[in-house]
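The values are calculated or read from the model by the stated rules, or taken from the named source; none is laboratory data. Note that the structure is predicted; figures quoted are calculated from it, not measured. Positions of Cβ are generated from backbone atoms using ideal geometry, with glycine treated the same way; all protein chains shown enter the neighbour counts.
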Amino acid sequence: MAGKYVLEATGIAKSFSGVTVLDGAELCIEPGELHALMGENGAGKSTLMKIIMGIYTKDAGKVVLDGKEVEFKSARDALDAGISMIHQELSPIPEMTVAENVFLGREQKKFKGLPFVDKKELNRKTQELLKEYDLDQFISPTMKMKDLNIAQIQMMEIIKAVSYNSKVIIMDEPTSSLSEKETETLFRIIDSLRKKNVGIIYISHRMEEVFQLADRVSVLRDGQFIGCVKVAEASREQLINMMVGRELEGGYPHNTAKKGDVVLELKDFTRKGVFENVNLKVHAGEILGMAGLVGAGRSEVMKALVGYDPLDSGEIYLEGQKITIKHPNDAVKHHIVMASEDRKELGLVLCRSIKENVSLQNFDKLSKGSFIQKLKERKMAGEYTEKMATKMNGIDDLVSSLSGGNQQKVVLAKCLLSEPKVLIMDEPTRGIDVGAKAAIYNIMVGLANQGIAIIMISSEMPELIGMSDRIIVMSGGQVKGELEGAEAQSQQTIMNLAFGGE
Amino acid sequence: MTQKKDMGKILRQFGLVIVALIIIVFMSFTSDVFLTSQNIINILRQISINGILAVGMTFVILTGGIDLSVGSVVAITGVIVGSLLKDGTNWFIASLAALAISMVCGAINGWLIAYVGFQPFIATLSTMTIGRGFAQVYSNGKPYIISDPSFKVIGQGYFLGIPVPIILLVIFCVLGLVVLSMTTFGRYVFAIGGNKSAAKLSGVRTQRVQLMVYVLSSICAWMVGLILAARISSGQPTAGESYEMDAIAATAIGGTSMNGGIGSLTGTICGFVILGLLQNSMNLMNINSFWQQIVKGLLIIIAVFLDMRTKGKKN
């Protein structure tokens, strides 16, 4: 039945040790369409993709590629058959060049049968690809992967997928680490892929993107196929309803907290070559948004503030008192805590339990001298993770077993147990589904109402505008503007400043 | 399904104990000597050396590091104590002096690794070589004969009928277990091995903890140095050669990940007990030492393989 679909997955079921993850999942992709796949975290999107890619074996159902039923044994099989995937977690080999990375595992040989790589040919082919997608002005084939920034690495992953001449490309949250401008480049690449009749499966939590890009949307909920709609005929509310299965009021919760005195003030923060003369104030009960492109130096300022990164000069005033922070330990003692954007790298110790992660930062409360008060630790870790409505079997679960949204909740539980006066949230909802996002927004407003000053770094414009009382825009390591009131509602003003305008 | 899972869990938790029991049961049938109190005390005395080193090594490996220099610290301890005793120094003062120097060795390791940024393998490989050379230079390559009877008690004496080295082993194991499972320091050790950056951002003084872990390992090496010197009545510059390897082997058999973050001291204890049992059994069965090496290597491969399998089952 070779029909209109290039890829057809129907009736897919899968369970892990008795827990049903997928039950009757379905996904049909037309050639040349961008097909968004949406659903809350844990809805089974990743599992479905891994089944299509042959990484997991399915319990039931069938996958049909180009009219033929296929049964991939590994991702390699899927690649050879014409399905490639760009994972959310990037895995470049830092010491290799761009060209070597693109053609990893299928290098052109200089002489047939001999293991000498024809580097010239690799570089030439890579250059062609870069040129085709207008990336050759930023990236050259001989650059090392470690010299690229996250966005460029992401681009290269996409180029790599394209180079396989795939019929179907799966993109898992491709824009989660891209700034607006880089996202545009990505969209351009996507457009040219469509013209080549490539079917694209696009997993994203960003509603705006889906409406801007996708032709059709399939929604999964709790492992089941809820439906497939044409984007042109769908509304935002409809999609959210399909995903969460309940009415969810759109928009962002309003921060009703009374703004108090200045809690934290930074004066002339400078780290040479990274940021300079950054001044900012944040009040009790306020949510201060930090806007800027990726690489504008926002996270770097915050990491220096909490003592994680070195600082060349600058002063910190907490509630009017000058303090010095030389190590994150000092920051925690002063109740300034940071929930990092990078949960895997900086936020959590993945191979340890939820309990141990929550208590790690808080032994001043949970120990007597050097000895851990184990009962208290259990109680507090349980209490705070419950407060965050973390989905788990128990606090002894390994953090690595949780979904992204729930991992973020563990990070927040850890931070809140430190009774923060200032809470820094770097991309608090990156890679998190709609339901969990709303939960985190409500938590933020709740915290502001307790008089906590919140600094939120975000690259999602609606989130920034929706959540912030005041917005500071950074560009090239400098503060370019501070927006309040109506100005802080204008996407145009913010973007203009973020691009370095006045 | 769940039953199978439980079996896996049980195997993972008690697998090593079961292996030890199998060896004991097998040997009690094949050898008349094995279960005699003399032989058991023999085994325990043998494992006390490797056991104490393995306790320190477990801490180091849990942070994601490794300490190759422990054997050399054993030798340094021996020659320093030997020379001081020869000059008539009180045995207690001599031991303390050696402790101070051992701790300096550990601090150098820790400083190179935590503050300068050397890879643990390279840093401790260097200090291992330097340490061995230092012991040779200090003693001019000759052993110091030790005759102080009070000092010899550490290696040859009994307390309540139990050989002193065994008592010391138990003390070190208990202290290690308490520190690792009940104190904040223990948690920091696991956290640093699991994710050093996240630990730092959470306010853990990662450099300080790393430094302390290497000092701890050197303190264990010092203890072994004293026991060894007291037992053979001489401080030898060649003592303790390749001891680090047995300590690492015990840790690996015990299921501690060489990447750090995952593992336990109880595992390590099982590890060195099994190694000791195996060596003793093979000696009793007259298997020559060349074959013993092969068996020891195979044991590490099998233990780590099974560990990977039971842990990997999850997905």
Taking into account only those residues within segment A:194-213 that are within 27 Å of A:R106 (Cβ to Cβ) and β-branched (V, I, T), which is surrounded by the fewest Cβ atoms within 10 Å (Cβ to Cβ)?
-> A:I203
Residue under evaluation A:D342, criteria (1) at pLDDT below 90; (2) away from chain B (no Cβ under 14 Å); (3) under 24 Å from A:V473 (Cβ atoms), criterion not met | (2)
Residue in segment A:231-242 that is at pLDDT 80 or above, small (G, A, S) and part of a helix (DSSP H, G or I) present = yes
Which of the residues belonging to segment A:299-317 are crowded, with 19+ Cβ neighbours inside 10 Å and out of contact with any Asp or Glu (no Cβ under 8 Å at 6 or more places or on another chain)?
-> A:V301, A:A304, A:L305, A:V306, A:Y308, A:L311
Among the residues of segment A:154-193, count how many are crowded, with 19+ Cβ neighbours inside 10 Å and over 21 Å from the mean Cα position of the chain (by Cα).
-> 5
Quick one: in segment B:159-179, of everything that is surrounded by fewer than 23 Cβ atoms within 10 Å (Cβ to Cβ) and in contact with a Lys or Arg (Cβ under 9 Å, 6 or more places away or on another chain), which residue is farthest from A:R343 (Cα to Cα)?
-> B:P163
Quick one: which residue in A:N496, A:N449 is closer than 16 Å to A:Y252 by Cα and not aliphatic (A, V, I, L, M)?
-> A:N449
Cβ pairs under 6 Å, 6+ apart or interchain, first in segment A:270-283 and closer than 29 Å to A:G451 by Cβ, second of a type in the set (K, R), ordered by first then second residue, are A:N279/A:K267; A:H283/A:K259
Evaluate segment B:210-223: report whether one residue or more is surrounded by fewer than 22 Cβ atoms within 10 Å (Cβ to Cβ), over 22 Å from B:G51 (Cβ atoms) and either more than 14 Å from chain A (Cβ to nearest Cβ) or hydrophobic (A, V, I, L, M, F, W, C) (or both).
-> yes
In segment A:315-326, is there at least one residue being facing chain B (nearest Cβ under 9 Å) and charged (D, E, K, R)?
-> no
Residue selected from segment A:365-408 under the condition of a type in the set (A, V, I, L, M, F, W, C) and within 13 Å of another protein chain (Cβ to nearest Cβ), by the criterion surrounded by the fewest Cβ atoms within 10 Å (Cβ to Cβ) = A:L375
May I ask you to list pairs of residues, at least six apart or on different chains, whose Cβ atoms are under 8 Å apart, with the first in segment A:93-112 being under 21 Å from A:K146 (Cα atoms) and the second being exposed (fewer than 12 other Cβ atoms within 10 Å of the Cβ) and not polar (S, T, N, Q)?
-> A:P94/A:K146; A:E95/A:K146
Only unsatisfied item for A:L37, checking (1) outside any strand (DSSP E or B); (2) hydrophobic (A, V, I, L, M, F, W, C); (3) at pLDDT 90 or above, is (1)
Within segment A:39-52, is there a residue that is surrounded by 15 or more Cβ atoms within 10 Å (Cβ to Cβ), among the β-branched types (V, I, T) and closer than 22 Å to A:L402 by Cα?
-> yes
Somewhere in segment A:284-303, is a residue facing chain B (nearest Cβ under 9 Å), assigned to a loop (DSSP other than H, G, I, E, B) and within 25 Å of A:V399 (Cβ to Cβ)?
-> no
Only one residue in A:V349, A:V358 is touching a residue at least 24 places away in the same chain (Cβ under 8 Å), facing chain B (nearest Cβ under 7 Å) and within 25 Å of A:M302 (Cβ to Cβ). Which one?
-> A:V349
Of all residues making up segment A:465-487, the number that are under 17 Å from A:Y252 (Cα atoms), buried (at least 21 other Cβ atoms within 10 Å of the Cβ) and among the aliphatic types (A, V, I, L, M) | 2
Under the condition of being surrounded by fewer than 24 Cβ atoms within 10 Å (Cβ to Cβ) and of a type in the set (S, T, N, Q), which residue from segment B:187-209 is nearest to the other protein chains (Cβ to nearest Cβ)?
-> B:S197
What are the pairs, 6+ residues apart or on separate chains, where a residue within segment B:287-309 that is surrounded by 10 or more Cβ atoms within 10 Å (Cβ to Cβ) has its Cβ under 6 Å from a residue that is outside any helix (DSSP H, G or I) and not hydroxyl-bearing (S, T, Y)?
-> B:D307/B:G255
Enumerate the pairs (first residue in segment A:459-476 and closer than 12 Å to A:L293 by Cα; second residue anywhere and of a type in the set (D, E) and buried (at least 20 other Cβ atoms within 10 Å of the Cβ)) with beta-carbon separation below 8 Å, excluding pairs fewer than 6 apart on the same chain, so at least 6 apart or on different chains.
-> A:S459/A:E427
Hey, among A:T142, A:T126, which residue is over 18 Å from A:M171 (Cβ atoms) and in contact with a strand residue (DSSP E or B) (Cβ under 6 Å, 6 or more places away or on another chain)?
-> A:T142
State whether the residues of segment A:251-266 include one that is assigned to a strand (DSSP E or B), among the polar types (S, T, N, Q), at pLDDT below 95 and in contact with a strand residue (DSSP E or B) (Cβ under 6 Å, 6 or more places away or on another chain).
-> no
Looking at (1) modelled with pLDDT of 90 or more; (2) crowded, with 22+ Cβ neighbours inside 10 Å, can you tell me which one A:A13 breaks?
-> (2)
Which of (1) surrounded by fewer than 24 Cβ atoms within 10 Å (Cβ to Cβ); (2) in contact with a helix residue (DSSP H, G or I) (Cβ under 7 Å, 6 or more places away or on another chain); (3) touching a residue at least 24 places away in the same chain (Cβ under 8 Å) is the odd one out, the single condition B:T184 does not satisfy?
-> (3)
